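Have a look at the structure below, then the notes.
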Amino acid sequence: MSSRAEHVKCLVWDLDNTLWRGTLMEDPAVTLFADLVEVVKTLDARGILQSVASRNDADLALRRLEELGVAEYFVLPKVGWGPKSESIRELADELSFAHGAMAFIDDQPQERAEVEYSLPDVRCYPAEQASSLPDLAEFTPRTVTTDSRRRRQMYQAGFHRDAERAAYRGSDQNFLRSLGLVMTIGRATEVELGRVEELTMRTTQMNTTGVYYAEETLRRLIADPAHEVLTVTITDRFGPYGAVGVVVLDRYPDVWHVKLLATSCRVVSLGAGAAILSWLRNEAARSGVHLVADFRPTDRNRVMDVTYRFADFTDDDCSCLAALPAPDDGVNRLHQESVFQELATTMQVHAPDLRPVELTENLTAGR
Ligand SMILES: [Mg+2]
Ligand SMILES: [Zn+2]
């Protein structure tokens, strides 16, 4: 029984007489089918990864892709003499994609038949269909976010980072320092709502409340001056990690209420949650307010609980708690009297000034 994903996440190209006209081993000057460059770029911009499964001399084929100016569009290309189903299986493993999210295009019916037989969930297309792939529903994701547009760079960066991590002989801390991590925290805009919604949905492991925020709710919160909806992205010297976190904050005169903090599990080892909390602590300290965070223990967000404790949040009672509406069932309130502390040295943080307008105006006036 076939179990195909609704959308293709990775398309694997044959080269000879599929991506380019001719057979490389016979004619090293093969040229790309003219309209396919556009197809490759279109799919790439939609966040669909692309790779290669070709029977060829690897050095020769990869060099030709470089010369033709399209090598960068293909992740983990497989060029060799084994069965193509093996290449596709290997790729799916390396990308952690289900076979049902993989697709394959080849001019040879026997190659397609071999893949169809060994990997029945993989969608197979004849080369004649190449220029019309972008019109197919399975190559048309519902939304295209900033992250989908840079998905390939994120994966490439990940491969390079992992390889370097595996070869690194120093401590974890030193490796983190060597990454040159930069966290950017920004106010969410209307355009990003879809991405923020997705983050609150996907980050179950590191979601402090297990609450999912619908796009509609987020739109309302962005419009409300008391609320801050913040998105977090991270990059390092290898490239972007993409959107990795979201914070929903409700501000009262004496206390800021952290209604949600969620980070992607991809960045737990970078200390992303801790970095966000340290920054928030300092913003609160500068504004003379306490911080209260909602936390609903689930069987999956224990790491986040630990992160809060390390950031000096406690269960202690405080008069500031009276300003907040009663918590939902099962929600604990963690509290902190925020005191300024130097930020950690492993991550640079760029973020907006959260101090209330009165405060920043007074400061400017007093200068
Ligand atoms: Mg071929
Ligand atoms: Zn307090």
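Quick rundown of the values:
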| read-out | value |
| --- | --- |
| For Lys9, Lys84, Lys259, order by how many other beta-carbon atoms lie within 10 Å, fewest first | Lys9, Lys259, Lys84 |
| Considering only the chain, percent of DSSP beta bridges that pair antiparallel, nearest 5 | 55 percent |
| Packing rank of 287-298, 17-28, 53-64, where each peptide gets the mean count of other beta carbons within 10 Å, highest leading | 287-298, 53-64, 17-28 |
| Cα-based shape type of region 252-367, given that a ≥ b ≥ c are square roots of the gyration tensor eigenvalues and the cut on a/c is 1.5 | oblate |
| Mean projection area, nm², convex hull over Cα of the chain | 22.7 nm² |
| Rg(Cα) / (2.2 N^0.38 Å) computed for region 176-354, rounded to two decimals | 0.96 |
| Lysines whose Cα lies under 22 Å from that of Lys78, excluding same-chain neighbours fewer than 8 positions away | Lys9, Lys41 |
| Relative contact order of region 176-354, pairs being alpha-carbon contacts under 8 Å that are 6 or more residues apart, as % | 28 percent |
| Contact order normalised by residue count of region 224-274, Cα under 8 Å, 6+ apart, percent | 28 percent |
| Exposure proxy ranking, count of Cβ atoms within 10 Å, fewest first, for Ser178, Ser3 | Ser3, Ser178 |
| Rg followed by Dmax, in Å, when region 122-266 is reduced to its Cα trace | 18.8, 66 |
| Fewest-first ranking of Leu261, Leu193, using other Cβ atoms within 10 Å as the exposure measure | Leu193, Leu261 |
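Values in this text are rule-based calculations from the coordinates and carry no lab data. Small disclaimer: the values here were computed from a predicted structure and weren't measured. Counting neighbours? That spans all protein chains shown, and the Cβs are built from the backbone with ideal geometry, glycine included.
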